[in-house]
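Each remark here refers to the structure printed beneath this line.
The values are calculated or read from the model by the stated rules, or taken from the named source; none is laboratory data. Note that the structure is predicted; figures quoted are calculated from it, not measured. Note that each Cβ is placed from the backbone with ideal geometry, even for glycine, and that neighbours are counted across all protein chains shown.
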Amino acid sequence: MATKLPHTDVVFIGFGMVGSIIAAELAKNTKLKMVALERGPYRDTFPDFIQDHFDEWRYAVQSGLFMDLSKNTVTFRNNADQSAAPMREYGSFLPGNGVGGAMVHWNGQLWRFLDYFFEYRSHLEERYGKDYLPKDTTIQDWPMTYAEIEPFYTKFDETFGISGKAGNLNNEIQEGGNPFEGPRSKEYPQAPGKIPYGSSLFADAAKELGYKPFPQPNGNSTGAYTNPYGQKLGPCNYCGFCERFGCHTGAKASPILMTVPYALASGNLEIRQFSTVYRINHQDGKATSVTYFDANGLEVEQPADLIVLGAFTLENNRLMMLSQIGEIYDPKTEKGTVGRNYTYQVGGAGGTVWFEDKIMNRFMGSGSSGMSIDEFNSDNFDHTGLGFFGGGNITCNVIGARPILNNGPLPPKTPTWGSEWKAAAAKWYNRSVSFGMQGESPAYRQNHVDLDPTYKDQFGDPLLRITFDFTDNERKMVQYTNENVFPNIAKQLGGTQSAINGNITSYNIVPYQSTHVQGGTVVGSDPSNSVVNKYCQSWDVENLFVVGASNFPQHGGYNPTGTVGALAYWAADAIISKYLPKPGSIA
Amino acid sequence: MPAPHDSDTHDQPSSAVDESTPLTPESPPESIPVAPIHLINRRHLLEMGAFTGAAAGIGLATHAFGQESTPSASPETSPEASPMAGMGDMDMNPQHANTNTGFSFFVPAQISILRAACNRLIPTDDSGPGAEEAGVVYFIDREMASRKNFRGPRYDRGPFVTGEATQGDQSAMPLPDRFRIGLLSMDAYAKSKYSGTGFASLTADQQDQILKDMSGGNVDAFGSISIDKAPLTPMASGGQPGITAQSFFSLLLSYTMAGFFSDPVHGGNRDMVGWKLIGFPGAHLSWADQIENYNKPFQGDYISLGQYQQQVGGES
């Protein structure tokens, strides 16, 4: 029997970027009492990360900051004909664990989706005709336009001190920025930072080829920065330990620096670490409380008026299903919506050039101090006759070549061990430049998540089951760039030798690819095609807001964090200006 | 900040003593005859192959690490630096004895197989120190004793199935058991191929051939517990359950690389020899003033986590 605690106004399930943004906005605009339930610990820059983040074995290889797979994982199968098996080890993607969520260990690559991407199906059907899209794709327009959500993208940029160069300011194309991006209402809060040698060579080559390279938008602060909440970032040191690590110098845009301390300072927020929510309790379309396991594994019930489910994509989906909110999507009947339109990110396209005569200092860098081109993203290029839709941003980013996982890449045909390997590693480790495409992952009828019928978490609840594979559309997309784009870039870069990546076949959960997992609790205009309405409010439980990358109807050719942040501010605004004055359905 | 090679645990002669410490009448390893310690001489041990790997590294241990030198002395030409030097009158003075090294998972007879394999995967050669000088076997031993997996915490609930290659390793078999069985099976395979000679006593070329057979999948099964052929999956423990020759090779290579390149705090990469090979300078607070010095080698020291922690936290 769960211990029932006194009522509070707002409960946050998971306290990463989404929860902490909404908490900061509620702290700023209301007197509401808030409780944040976070399954992991609260680690901070000092003393945690400043004193030990330079440990690749502990953090990058042994998964020091990620969800503990001995307690909870997912099961996976490529298609419904296979039996799902648990993901026993990492892994394809790396969900965070603890206050700040995955934004504690992220690289800082911060993008917005393209403006037409919010009306993607309409756009593609208009340009290529209704028959062009594969029959089984379930991509759909978002319920809001880019213009509607733009102010919230800007708010997010300002909160986290994002640096970059605008390419489109109020519909005026700007030299040096991304000319393909949707119009920005403001320049980036901070100017671009330092560019590693390899990225600068890539940018030179791209320019020679007629592309328009621009600095990758960066969530690692390029200067001393104070956000509108009065929270500060220090300048990035380019130490080369971003992705999979906490930041040792308080430069990485993270909730533990920019939103959590502000929300806590209100005195209205309590954070409970090691608290794993397992049910949202509801009756007659209203949530009454959540129940969770505390640090000792004991059951606790926390009643609340408003519940914000802002965990990672995987747990947002699982908790909706475990709590029996909405109907789980069935790809056979196409009934139900929870778990529908699960998407990923398509890597694989790219290449490497090795330079006998150049030292790259690849161990220097931030997680996002690269140079990018956007000519081959989404529908920025004409797909007529190509037989696929979609694309991705192409970036050369020197994120810090830590030696266990990044002692290569080495030239083709180099042995993986012995004297020949050793000599090659000594010679080439610091002389390579790699570049690649962050490919778009469209939604398909057959790709989805639901509850696994067999495997359980540490408390006995079903694991989330992922059914996902790439399709011919994505295989052609990768093949197209590997044959038509990357060889030209490699040739222009010159160098002593080069290699283009192999093409993709089936999705494999074993190698790391990307932590961009999206969908399943999709935003939409209608309960038949979505789990939450335009404002991320549950169609079924009106005092529940579900926010995250789980809201994306499909994934674009960029990292998702910027769009998740925009959605968090968008939802916070709707809660404060629409829901709280008149609780009930707001769309 | 202490000079890196002053550390007790990095001092070669002490590690030789540590390998000998289990050789007591109370705890005889299976393959070593029970005899009072003073009756075991160096020749006996070398015949058993228990110390050949250790001996190969001795020449370097007395050099400053980081110099691109190869061992200048073999155990045959410099007996005074051999692991058995001083064994006849073992120094029991607690002020001199090192008691904080040794092996807590493998026994020395297994370490000698492991050491020989690691030393072929990352040999000491013209390009500089290898797995031997890095102390890779100490890293692997500690990791196996910790019972962690390569990627950290692992989901270990059943039911267990074979699964598809895209679903990753599904075996219920604990990693340390895979490692131990893999080593013993590799040794058995060596004996079957080379007239009863164990892996550690083979020539370098023969050892390389064994490793190639394993990585190429030419030898299918390692003992009765092998289940299936596994694809070689670099940096992961393989795509199929159980321990096959190929998946054990993958595991062995992953851990050898990790022991060579991880921070010295974990027991390998002694004196940062792995980092010095490729030019990775370690735990530097900042590169802000150097990142735009294009095409110029970095200026500065190699810094371990312990040295960094001494700087920022006053403890190391």
key: Extreme residue, surrounded by the fewest Cβ atoms within 10 Å (Cβ to Cβ), among residues of segment A:263-288 that are free of Cβ contacts under 8 Å to residues at least 40 places away in the same chain and not hydrophobic (A, V, I, L, M, F, W, C)   = A:284
request  = Kindly list the number of the only condition in (1) under 30 Å from residue A:271 (Cβ atoms); (2) surrounded by 23 or more Cβ atoms within 10 Å (Cβ to Cβ) that fails for residue A:71.
outcome  = (2)
inquiry  = Every residue in segment A:201-214 that is buried (at least 24 other Cβ atoms within 10 Å of the Cβ) and not in a helix (DSSP H, G or I), please.
reply    = A:213, A:214
inquiry  = Residues that are surrounded by 20 or more Cβ atoms within 10 Å (Cβ to Cβ), at least 2 per element: which strands (runs of 3 or more DSSP E) completely within segment A:429-518 meet that?
reply    = A:432-439, A:448-456, A:462-467
key: Single unsatisfied condition, residue B:203 versus (1) touching a helix residue (DSSP H, G or I) at 6+ places or on another chain (Cβ under 9 Å); (2) modelled with pLDDT of 95 or more   = (1)
message = Cβ contacts < 8 Å: first residue free of Cβ contacts under 8 Å to residues at least 40 places away in the same chain and under 23 Å from residue A:138 (Cβ atoms), restricted to segment A:105-120; second residue in a loop (DSSP other than H, G, I, E, B) and of a type in the set (S, T, N, Q), any location; separation 6+ or different chain. Result?
response = A:118/A:145; A:119/A:145
ask   = residue A:226 is checked against (1) farther than 30 Å from residue A:61 by Cβ; (2) in contact with a strand residue (DSSP E or B) (Cβ under 8 Å, 6 or more places away or on another chain); (3) crowded, with 21+ Cβ neighbours inside 10 Å and fails just one. What number does that condition carry?
value = (3)
ask   = In segment A:400-420, what count of residues is obtained for those that are more than 8 Å from every other protein chain (Cβ to nearest Cβ) and crowded, with 24+ Cβ neighbours inside 10 Å?
value = 1
query = If a residue has to be of a type in the set (S, T, N, Q) and surrounded by fewer than 22 Cβ atoms within 10 Å (Cβ to Cβ) to count, how many in segment A:324-352 make the cut?
reply = 2
Whichever residue in segment A:362-384 is of a type in the set (S, T, N, Q) and under 26 Å from residue A:103 (Cα atoms) and, among such residues, is modelled with the lowest pLDDT = A:369
query = Quick check: is even one residue across segment B:124-133 in a helix (DSSP H, G or I), modelled with pLDDT of 95 or more and not charged (D, E, K, R)?
reply = yes
message = Considering only residues that are within 21 Å of the chain's Cα centre (by Cα), facing chain B (nearest Cβ under 9 Å) and in a helix (DSSP H, G or I), which ones fall in segment A:45-69?
response = A:61
inquiry  = Of the conditions (1) touching a helix residue (DSSP H, G or I) at 6+ places or on another chain (Cβ under 7 Å); (2) closer than 30 Å to residue A:78 by Cα; (3) in a loop (DSSP other than H, G, I, E, B), residue B:170 satisfies every one except a single condition; which number is it?
reply    = (1)
Residues of segment B:263-295 classified as at the interface with another protein chain (Cβ under 7 Å from one of its Cβ atoms) and more than 30 Å from the chain's Cα centre (by Cα), total = 8
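Quick one: count up the residues across segment B:258-316 that are in a loop (DSSP other than H, G, I, E, B) and of a type in the set (S, T, N, Q).
At the first step, the residues of segment B:258-316 found to be in a loop (DSSP other than H, G, I, E, B) are B:262-263, B:267-269, B:279-281, B:283-302, B:304, B:314-316.
Cutting the leftovers down to of a type in the set (S, T, N, Q) gives us B:262, B:269, B:286, B:290, B:293, B:295, B:299, B:304, B:316.
Within segment B:258-316, residues that are in a loop (DSSP other than H, G, I, E, B) and of a type in the set (S, T, N, Q) number 9.
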task = Return the total of residues in segment A:337-379 being within 30 Å of residue A:78 (Cβ to Cβ) and either polar (S, T, N, Q) or not in a loop (DSSP other than H, G, I, E, B) (or both).
result = 13
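Given the options A:42, A:90, name the one that is in a loop (DSSP other than H, G, I, E, B) and crowded, with 24+ Cβ neighbours inside 10 Å.
On the way: A:42 fails: crowded, with 24+ Cβ neighbours inside 10 Å.
Only one candidate qualifies: A:90.
Here is a yes/no grid of residues against (1) over 19 Å from residue A:530 (Cβ atoms); (2) charged (D, E, K, R); (3) touching a helix residue (DSSP H, G or I) at 6+ places or on another chain (Cβ under 9 Å); (4) modelled with pLDDT under 95:
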position	(1), (2), (3), (4)
A:121	no, yes, no, no
A:133	yes, no, yes, no
A:140	no, no, yes, no
A:146	no, no, yes, no
A:149	no, no, yes, no
A:156	yes, no, yes, no
A:159	yes, no, yes, no
A:162	yes, no, yes, no
query = Does segment B:154-166 contain at least one residue that is modelled with pLDDT of 85 or more, of a type in the set (Asp, Glu) and over 21 Å from residue B:254 (Cβ atoms)?
reply = yes
query = Given the conditions (1) farther than 16 Å from residue A:162 by Cβ; (2) in contact with a Cys (Cβ under 7 Å, 6 or more places away or on another chain), which single one is not true for residue A:222?
reply = (1)
note = Selection from segment A:74-86 of residues within 9 Å of chain B (Cβ to nearest Cβ), in a loop (DSSP other than H, G, I, E, B) and surrounded by fewer than 23 Cβ atoms within 10 Å (Cβ to Cβ) yields A:78, A:82, A:83
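When you look at residue A:569, is it in contact with a strand residue (DSSP E or B) (Cβ under 9 Å, 6 or more places away or on another chain), in contact (Cβ under 8 Å) with a residue 12 or more places away in the chain and of a type in the set (Phe, Trp, Tyr), yes or no?
Details: in contact with a strand residue (DSSP E or B) (Cβ under 9 Å, 6 or more places away or on another chain): no; in contact (Cβ under 8 Å) with a residue 12 or more places away in the chain: yes; of a type in the set (Phe, Trp, Tyr): yes.
So residue A:569 fails the test.
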request  = Identify the single condition in (1) closer than 29 Å to residue A:424 by Cβ; (2) modelled with pLDDT of 90 or more that residue B:217 does not satisfy, given that it satisfies every other one.
outcome  = (2)
task = Of all residues in segment A:255-278, count the ones that are at positive phi and in contact with a Pro (Cβ under 9 Å, 6 or more places away or on another chain).
result = 1
request  = Scan segment A:421-434 and give yes if some residue there is touching a strand residue (DSSP E or B) at 6+ places or on another chain (Cβ under 8 Å), within 14 Å of chain B (Cβ to nearest Cβ), closer than 16 Å to residue A:490 by Cα and of a type in the set (Phe, Trp, Tyr), otherwise no.
outcome  = no
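Just to be sure I understand, how many residues within segment B:296-316 are at the interface with chain A (Cβ under 8 Å from one of its Cβ atoms) and either hydroxyl-bearing (Ser, Thr, Tyr) or on the phi > 0 side of the Ramachandran plot (or both)? Write out each step before concluding.
Restricting attention to segment B:296-316, the residues satisfying the condition of being at the interface with chain A (Cβ under 8 Å from one of its Cβ atoms) are B:296-298, B:305, B:308-309, B:312-313.
Subset that is either hydroxyl-bearing (Ser, Thr, Tyr) or on the phi > 0 side of the Ramachandran plot (or both): B:308.
Here the count works out to 1.
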ask   = Taking into account only those residues within segment B:123-162 that are among the β-branched types (Val, Ile, Thr) and buried (at least 23 other Cβ atoms within 10 Å of the Cβ), which is farthest from the other protein chains (Cβ to nearest Cβ)?
value = B:137
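The rows are residues; the columns are (1) touching a residue at least 40 places away in the same chain (Cβ under 8 Å); (2) within 14 Å of another protein chain (Cβ to nearest Cβ); (3) of a type in the set (A, V, I, L, M).
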| position | (1), (2), (3) |
| --- | --- |
| A:201 | yes, yes, yes |
| A:204 | no, yes, no |
| A:210 | no, no, no |
| A:214 | yes, no, no |
| A:217 | yes, no, no |
| A:220 | yes, yes, no |
| A:227 | yes, no, no |
| A:261 | no, no, no |
